[in-house]
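Here the structure is laid out as structure tokens; the discussion comes afterwards.
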Amino acid sequence: MTETERDRLLEAALIHVPFEGMNDAALRAGAQDIGMPSDLVRVHFPQGGASLAAAYHRRADQQLRASLAENPPEGRFRDRVAQAVWRRLELVQPDLVRAGAATLALPQNAALAGRLVWETADVIWNGLGDRSDDVNWYSKRATLSAVISATVLFWLGDDSVDRQDTRAFIDRRIDGVMQFEKVKAQLRKLPGAETLTGAAFGWIRAPRDRGLPGKSSNS
């Protein structure tokens, strides 16, 4: 088994997703297209459609990571975050995202769905130079995860020209995140705040591998 084989199967299966859905049927059809034995499908994608959705999602995350490294967004920090979220949307196709969302919405895939959004938020924060190593590492990713989830839902239903309404939606949501960070900064300036925060959350540290517990590239 090689990554190249998995990539080939991913590409072949995605062609069938608009017609079959993000599921085993698309994977089997893709395997047939490239002459891959059907019993290898579950080797590459052990959770069937959920694994296919995760692979498509993580491929776009990898592309975003490279994009942020090669061409970092410019401007105010809030603008850089908004640009990063928009870039991520440009890397995927609405019909494939919609099919993936339908599969990941199933109860048995809820944990994976949440982990994938978290991973995207982590890619963005790391790509923009975040170096937090305490409770802020979690709060930043949690708030951005909420923004990403809401934005994707809005984007899927947006029929405005060039999805301009989605761009405006992102800006509004990012403003909310920046206000949250501003409030946190102000609270830390209050007398005794640092001591209280340290006592309550000082033990919290970001994961050493900067990933989410339970992450699997083949999920």
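The values are calculated or read from the model by the stated rules, or taken from the named source; none is laboratory data. What you see is a predicted model; the values in this text were computed from it and never measured. For neighbour counting, all protein chains shown are included, and Cβ atoms are generated from backbone atoms with ideal geometry for every residue, glycine included.
Taking Asp95 as the residue in question, decide whether it is of a type in the set (Asp, Glu) and either more than 29 Å from Gly49 (Cβ to Cβ) or out of contact with any Pro (no Cβ under 6 Å at 6 or more places or on another chain) (or both). Taking the combined requirement at face value, the residue does not satisfy it. The combined condition, being in contact (Cβ under 8 Å) with a residue 40 or more places away in the chain and either under 28 Å from Asp7 (Cβ atoms) or more than 12 Å from the chain's Cα centre (by Cα) (or both), is not fulfilled by Gly114.
Within the stretch 81-110, residues that are surrounded by 17 or more Cβ atoms within 10 Å (Cβ to Cβ) sit with their Cβ atoms under 6 Å from residues that are modelled with pLDDT under 95 and of a type in the set (D, E, K, R), at 6+ positions apart or across chains, in these pairs: Ala82/Asp171.
For Leu68, indicate whether it is out of contact with any strand residue (DSSP E or B) (no Cβ under 8 Å at 6 or more places or on another chain), at pLDDT 95 or above and more than 19 Å from Arg141 (Cα to Cα). So Leu68 does not fit the description; no.
Go through the stretch 139-162 residue by residue and tally those that are of a type outside the set (A, V, I, L, M, F, W, C) and more than 15 Å from the chain's Cα centre (by Cα). First the steps, then the outcome.
From the stretch 139-162, those of a type outside the set (A, V, I, L, M, F, W, C) are 139-141, 143, 145, 149, 151, 157-160, 162; that's our starting set.
Checking which are more than 15 Å from the chain's Cα centre (by Cα) leaves us with 139, 157-160, 162.
Counting residues in the stretch 139-162 that are of a type outside the set (A, V, I, L, M, F, W, C) and more than 15 Å from the chain's Cα centre (by Cα) gives 6.
Output the residues belonging to the stretch 151-173 that are small (Gly, Ala, Ser) and either modelled with pLDDT under 95 or more than 16 Å from Ala84 (Cα to Cα) (or both).
Filtering the stretch 151-173 down to residues small (Gly, Ala, Ser) leaves 157, 160, 168.
If the condition is that a residue be small (Gly, Ala, Ser) and either modelled with pLDDT under 95 or more than 16 Å from Ala84 (Cα to Cα) (or both), then Gly157, Ser160 are the ones that fit.
If the condition is being of a type outside the set (S, T, N, Q) and more than 13 Å from the chain's Cα centre (by Cα), then the stretch 76-89 contributes Arg76, Phe77, Arg78, Asp79, Arg80, Val81, Ala82.
Can we say Glu5 is over 23 Å from the mean Cα position of the chain (by Cα), surrounded by fewer than 18 Cβ atoms within 10 Å (Cβ to Cβ), assigned to a helix (DSSP H, G or I) and not hydrophobic (A, V, I, L, M, F, W, C)? It is true that Glu5 is over 23 Å from the mean Cα position of the chain (by Cα), surrounded by fewer than 18 Cβ atoms within 10 Å (Cβ to Cβ), assigned to a helix (DSSP H, G or I) and not hydrophobic (A, V, I, L, M, F, W, C). Could you run through the stretch 64-90 and say how many residues are within 23 Å of Gln164 (Cα to Cα) and either assigned to a helix (DSSP H, G or I) or touching a Pro at 6+ places or on another chain (Cβ under 7 Å) (or both)? Selection size over the stretch 64-90: 17.
Restricting attention to the stretch 91-108, the residues that are more than 13 Å from the chain's Cα centre (by Cα) and over 19 Å from Ala146 (Cβ atoms) add up to 11.
Take Val17 and decide whether it is over 15 Å from the mean Cα position of the chain (by Cα), touching a residue at least 40 places away in the same chain (Cβ under 8 Å) and buried (at least 21 other Cβ atoms within 10 Å of the Cβ). When the stated conditions are applied, Val17 passes them.
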